[in-house]
Amino acid sequence: MRNLWKNKGFSLINIGGLAIGLASCMILLLYVVYEFGYDKQYKNYKSTYIAYTNMKANGKTFSWAWTPGLLSQELKENVTGVSNSARSSYPISLLIGNGENKLKNKGMFVDPAYLKIFDFDFIDGTSDNILQNINTVILTKSLAKKLFGNHSSINKIVKLDNLEPLKVEAVIDDIPQNSSLTFDYLMPWKLYEKRETWTKKQGWGSNFCLTVVQLQNSNTLAQVNTSIKDLFHRMDKDQENELFLHPLSKWHLYGDFENGKSVGGKISQLKIFLLLAICILLIACVNFMNLSTSRSEKRAKEVGVRKAIGSSRKSLISQFILESTLLSFIGTVVAFILLEISLPYFNNLLNINLIIQYNDWRYWLTLICLILFTGLIAGSYPAFYLSSFEPVKVLKGFSIKAGSAFSVRKVLVVFQFVFASCLIVCTSVIYQQLNYIKNKPLGYNSNGLVQLSAEGNLKNLQKINLLRERLVKAGAVTNVSTLSMSLSNGGNNTSGISWPGKNPNTSVLFNNRAIGYDFVETIGAKMVEGRSISKQFEKDSNSVIFNEAGIKAMGMKNPIGKKIKWDTGENVIVGVMKDFVIDNPFQKVEPMILYSAFKDNVSVILLKLNPSANVTASLSKIDEIVKEINPDYPIDREFVNQSFEQKFENEKLLGTLSNWFGGFAIFISCLGLLGLALFMAEQRKKEISIRKVLGASTGNILTLLNKDFIKLVAIANVIAFPLAYVIINQWLSAFEYRVAISFLPFSLAIVISVLIAILTVSIQSIKVAKANPIDALKYE
Amino acid sequence: MIRIENLEKVYKTEEVETTALNGINLHVKEGEFVSIMGPSGCGKSTLLNVMGLLDKPESGSYKFIDTELLTLNDRERSNFRKRNMGFVFQNFNLIDELTVFENIELPLIYNKIPTAERKKLVNEIIERMNIVNRSGHFPQQLSGGQQQRVAVARALVTKPKLVLADEPTGNLDSSHGNEVMELLCELNETGTTIVMVTHSSHDASFSNRIINLKDGHVISEKINKSRNEELI
């Protein structure tokens, strides 16, 4: 303890570095734990599964958690090992209101069995006999509060879509944020069938719902999967799709499939973060070792005296370990303070809600392990090194040879900088890739393109026409069109298209979208051939347009005027559109068929803002007119480029995190370097003084001191580059469109790391270089 | 060659002020060999450091030939020092990581002498000092006397006008000490001015003039007749 106080500056660097390292490590660990906790809040999560469909098309296998509506019952009744099964729709944003208090919130339609599989926390009501009646609803706590304030909501009536009166049967606690199920209220599946009558008539080829399955025993998964693999085919001879169950606990982290097999997913990103956490902690430990051993010269005498008066090596080692554990404890306390301060920012950054679980024993256990681990690792080298000094040598005018101890320290510094420079390379490539994808042409012009969700009156084509007329007249927009899906989302697809000369054994999957008139003009896309769906052609209900990828997939030449068959109907190709990105900007554009919107397949209205008008004014005009035409619904509009931006969240997150924690890692490395420089300068004080007496300038001395460090950093870079290349290449390989790895990130890494090293070392060495040489030479 | 007038130097720590030099006047002629003697703490090392431009006095004047040195800035001092002065220390102050050759070469490097000429100069002096077969060795492989020879060689390689020696024999036994003193004498005979701080009157007897310091004052000055006669 006295020792720590005596070397305040040293202790500060040491504890500070350790605290930052520990805090970074803890934040990352909290995040990793949060991600690992996904969907594990439910009692039965281990025996709960999501049914997936494998579909072969376009030469690859697509895996979806979409299944036919008939599946759930079949599984429950006729598959051994299945104890329960339920359907649910995907969350849909619908208007729900208590009188005039109307909100747009996410609702899901589920079978009653759904509430047996997931043990939601019932605040009011029970899970028995619930959602049996068609006009019922379960609210989450926060929605109930929004709708009813502090009054009880049980047995009250809410209105769905201004249409269906629903009786509130129960209130459940809010769904935790790290749950793949996201909804604000649950409604009976029967209501879904009533609203979407088509769902009742669908056979085994139509995948439109999510099926959750509970097994009696999670060990039987392989068996069950084998027995249900060809279930679709057994039910309907025409169906070639395959079925399998994917564990609920892996739903979030292992969401990527290749050839129908799980190949990971977000887990790989999580592994990177875990690695980052460990590396940062190691770097902090390395720092500790560096700083501790660099002080060894001063402490050597203490060791010598202790040994001389009979202290055994063992007790010396334990003394040093104890000291480092104490330091790591203090570091942890400081880290906690840092953590509590930074957590809100971090949560804000990631848009999640991490909290420290002070009342969870596992948390404390991890913490204690972390302290002990850090103390042990960080203290071990100095402990063994220092305790190995021979007392006689130490007491008789001691000088540590610049040999072995120093080279270990050099290795440690190299290790730190390998890590730092790897991070610099990776981070800059991640940013390059993000920019590359963001700047890649979409195939349409998303600027000033507004998407309005079509609800209530706006589902009606006449009203849409009215809206178009009024908006154009008001000068707010130049073009209006519609689309059956949000422009930035995935959605419907079909393999039911055939054309002359199609190989009957291959299946080609087409995205299908219904478009309104002027679609191509509104989004600013281009036609390659033919024409778009247009008002001028009365018979356009039969016309279809393909994108280039679609024509290519069919292998068709001169497509205009050719006929294709889609399910039972016959259509004529009137145009070919240039490929444009709808769903995944990282992948190649998939084949797509576009047809004329009729009746109710409009889900968004696209508005192209008038470029010569003021945006704010245009938007308020739009809001005004939409409110007039569709008074019952709140206005739900967004800019397409903003919603498109959300697709980059994962990559942005990765970039941001590696930036921040990379920064921390570099900062900690700098502290280590500072320590080493401190030591070097101390050790070479005499030499520097001699050189100064002999006429060396400050510049000469700085070069001399920096040279060694630059050498170390250069070596670190040489080691880091192939490593970084492998890592980043691996990361990039997940993208079909990827930026070429250039020299830029590597040169950036060199420049930054060398610059940082020089600056850090110079802070220390400039003091020595400027010092009066006499001071060091005088008392020898 | 050197005219020092009214030199004052005060060391300040938090508690005490120590006057190390208290109005020193000292003239040294070119080619002279001057010893400075006195008890510990009398200011003799401080005086030597001030003369070597390693320390700055509070006031006074220090003229080297006709240049006033106390008004120079750090860079100018450093430049002046490396061109005109050489140092020999009690503890040799050789750099352990460099060989004998490299140690001697160092001041030439800082004087920006081209490589070829450097080599020539170093080899000349190594020969003169009788340490030819040691040029590739490291300082620790040498005896104390040999180390001090190397230090003297290093002080001389730039052919300085003034050599400052701070107890050059303090760490040596008497025979090695005599060797070094003889070396300094030889040097002096070839025209180099030498100022030496010493405790030993034996060493002082090698010089032309002995100055006694006490409490920062010059208390006596003695011409060393035997040596001067020798000179004549």
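Count of region B:78-88 residues, restricted to those that are more than 7 Å from chain A (Cβ to nearest Cβ) and either over 20 Å from B:Leu53 (Cβ atoms) or in contact (Cβ under 8 Å) with a residue 40 or more places away in the chain (or both), is 5. Of all residues in region A:43-63, those satisfying the criterion of being surrounded by fewer than 18 Cβ atoms within 10 Å (Cβ to Cβ) and under 30 Å from A:Leu354 (Cβ atoms) are A:Lys43, A:Asn44, A:Lys46.
Here's the yes/no breakdown for (1) surrounded by fewer than 20 Cβ atoms within 10 Å (Cβ to Cβ); (2) assigned by TED's automatic domain parsing to the domain that holds A:Thr67; (3) among the aromatic types (Phe, Trp, Tyr):
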| position | (1), (2), (3) |
| --- | --- |
| A:Val520 | no, no, no |
| A:Val528 | yes, no, no |
| A:Phe546 | no, no, yes |
| A:Gly550 | no, no, no |
| A:Lys562 | yes, no, no |
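Of the residues that sit in region B:49-77 and are surrounded by 21 or more Cβ atoms within 10 Å (Cβ to Cβ) and part of a helix (DSSP H, G or I), which one is farthest from the other protein chains (Cβ to nearest Cβ)? Checked region B:49-77; the qualifying residue farthest from the other protein chains (Cβ to nearest Cβ) is B:Met51.
With respect to the conditions (1) under 19 Å from A:Leu248 (Cβ atoms); (2) in contact with a Pro (Cβ under 7 Å, 6 or more places away or on another chain), A:Ile134 lacks only one, and its number is (1). If only residues of region A:692-713 that are crowded, with 18+ Cβ neighbours inside 10 Å and β-branched (Val, Ile, Thr) are counted, the one that is nearest to the other protein chains (Cβ to nearest Cβ) is A:Val693. Within region B:108-120, the residues that satisfy the criterion of being away from chain A (no Cβ under 14 Å), of a type outside the set (Ser, Thr, Tyr) and part of a helix (DSSP H, G or I) are B:Ala116, B:Glu117, B:Lys119, B:Lys120.
Scanning region A:353-368 for residues being of a type in the set (D, E, K, R) and surrounded by 10 or more Cβ atoms within 10 Å (Cβ to Cβ) gives a total of 1.
Go through the residues of region A:254-270 one by one and say whether even a single one is touching a Cys at 6+ places or on another chain (Cβ under 7 Å) and not hydroxyl-bearing (Ser, Thr, Tyr). No, region A:254-270 has no match at all. State whether the residues of region A:678-685 include one that is in a helix (DSSP H, G or I), of a type in the set (Asp, Glu), away from chain B (no Cβ under 14 Å) and touching a residue at least 60 places away in the same chain (Cβ under 8 Å). Scanning region A:678-685 turns up at least one residue that is in a helix (DSSP H, G or I), of a type in the set (Asp, Glu), away from chain B (no Cβ under 14 Å) and touching a residue at least 60 places away in the same chain (Cβ under 8 Å). Taking each residue of region A:472-496 that is over 23 Å from A:Lys565 (Cβ atoms) and looking for partners that are among the polar types (S, T, N, Q) and at pLDDT below 85 with beta-carbon atoms closer than 6 Å, six or more apart or interchain, yields A:Ser488/A:Ser643. With respect to B:Glu105, determine if the residue is away from every other protein chain (no Cβ under 12 Å) and in contact (Cβ under 8 Å) with a residue 12 or more places away in the chain. No: the conditions fail for B:Glu105.
Results for (1) more than 21 Å from A:Met235 (Cα to Cα); (2) in a strand (DSSP E or B), shown as yes or no for each residue.
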site: A:Glu77; (1), (2): no, no
site: A:Tyr90; (1), (2): yes, no
site: A:Ser93; (1), (2): yes, yes
site: A:Gly97; (1), (2): yes, yes
site: A:Lys106; (1), (2): yes, yes
site: A:Pro112; (1), (2): yes, no
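Candidates A:Asn241, A:Asn287: the one that is surrounded by 17 or more Cβ atoms within 10 Å (Cβ to Cβ) and modelled with pLDDT under 85 is A:Asn287. Residue count for region A:64-75, restricted to those that are crowded, with 18+ Cβ neighbours inside 10 Å and part of a strand (DSSP E or B): 1. For region A:426-439, state whether one or more residues are in a loop (DSSP other than H, G, I, E, B), closer than 17 Å to A:Gly524 by Cα and under 37 Å from the mean Cα position of the chain (by Cα). No, region A:426-439 contains no residue that is in a loop (DSSP other than H, G, I, E, B), closer than 17 Å to A:Gly524 by Cα and under 37 Å from the mean Cα position of the chain (by Cα). Of the residues contained in region A:95-108, one or more are found to be within 25 Å of A:Leu245 (Cα to Cα) and touching a strand residue (DSSP E or B) at 6+ places or on another chain (Cβ under 6 Å). Return a yes/no flag: does region B:156-168 have any residue that is in contact (Cβ under 8 Å) with a residue 60 or more places away in the chain, surrounded by fewer than 13 Cβ atoms within 10 Å (Cβ to Cβ) and not in a loop (DSSP other than H, G, I, E, B). Within region B:156-168 (the criterion being in contact (Cβ under 8 Å) with a residue 60 or more places away in the chain, surrounded by fewer than 13 Cβ atoms within 10 Å (Cβ to Cβ) and not in a loop (DSSP other than H, G, I, E, B)), the answer is no, since none of the residues qualifies. When region A:109-123 is filtered for residues that are more than 30 Å from A:Thr226 (Cα to Cα) and either in contact with a Leu (Cβ under 9 Å, 6 or more places away or on another chain) or of a type in the set (A, V, I, L, M, F, W, C) (or both), the ones remaining, listed by number, are A:Phe120, A:Phe122, A:Ile123.
Regarding region B:90-99, can at least one residue be identified that is on the phi > 0 side of the Ramachandran plot and either without any contact (Cβ under 8 Å) to a residue 60 or more places away in the chain or within 10 Å of chain A (Cβ to nearest Cβ) (or both)? Yes, region B:90-99 contains a residue that is on the phi > 0 side of the Ramachandran plot and either without any contact (Cβ under 8 Å) to a residue 60 or more places away in the chain or within 10 Å of chain A (Cβ to nearest Cβ) (or both).
Restricting attention to region A:375-404, the residues being modelled with pLDDT under 70 and surrounded by fewer than 20 Cβ atoms within 10 Å (Cβ to Cβ) number 14. Test A:Ser292 against the stated conditions and say whether it is modelled with pLDDT under 75 and within 27 Å of A:Phe664 (Cα to Cα). Answer is yes for this residue.
Quick grid of which residues meet (1) touching a Gly at 6+ places or on another chain (Cβ under 8 Å); (2) under 29 Å from A:Trp198 (Cβ atoms); (3) of a type in the set (Lys, Arg):
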residue: A:Phe586; (1), (2), (3): no, no, no
residue: A:Leu594; (1), (2), (3): no, yes, no
residue: A:Pro611; (1), (2), (3): yes, no, no
residue: A:Asn614; (1), (2), (3): no, no, no
residue: A:Ala617; (1), (2), (3): no, no, no
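Going by the conditions given, is A:Phe122 crowded, with 19+ Cβ neighbours inside 10 Å, of a type outside the set (Gly, Ala, Ser) and at pLDDT 90 or above? Considered against the rule, which asks whether it is crowded, with 19+ Cβ neighbours inside 10 Å, of a type outside the set (Gly, Ala, Ser) and at pLDDT 90 or above, A:Phe122 comes out as no. Within region A:581-593, the set of residues being modelled with pLDDT under 90 and either closer than 14 Å to A:Asn511 by Cβ or assigned by TED's automatic domain parsing to the domain that holds A:Gln432 (or both) comprises A:Val581, A:Ile582, A:Asp583, A:Asn584, A:Gln587, A:Lys588, A:Val589, A:Glu590.
Residue-by-condition table, conditions (1) under 14 Å from A:Ala597 (Cβ atoms); (2) in contact with a helix residue (DSSP H, G or I) (Cβ under 8 Å, 6 or more places away or on another chain):
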position	(1), (2)
A:Ile515	yes, no
A:Val520	yes, no
A:Lys526	no, yes
A:Ser532	yes, yes
A:Lys535	yes, no
A:Val544	yes, no
A:Ile551	no, no
A:Lys557	no, no
A:Lys565	no, no
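Within region A:628-642, the residues that satisfy the criterion of being farther than 15 Å from A:Gln451 by Cα and in a helix (DSSP H, G or I) are A:Glu628, A:Ile629.
The values are calculated or read from the model by the stated rules, or taken from the named source; none is laboratory data. Just so it is clear, the model here is predicted, and its values are computed rather than measured. Positions of Cβ are generated from backbone atoms using ideal geometry, with glycine treated the same way; all protein chains shown enter the neighbour counts.
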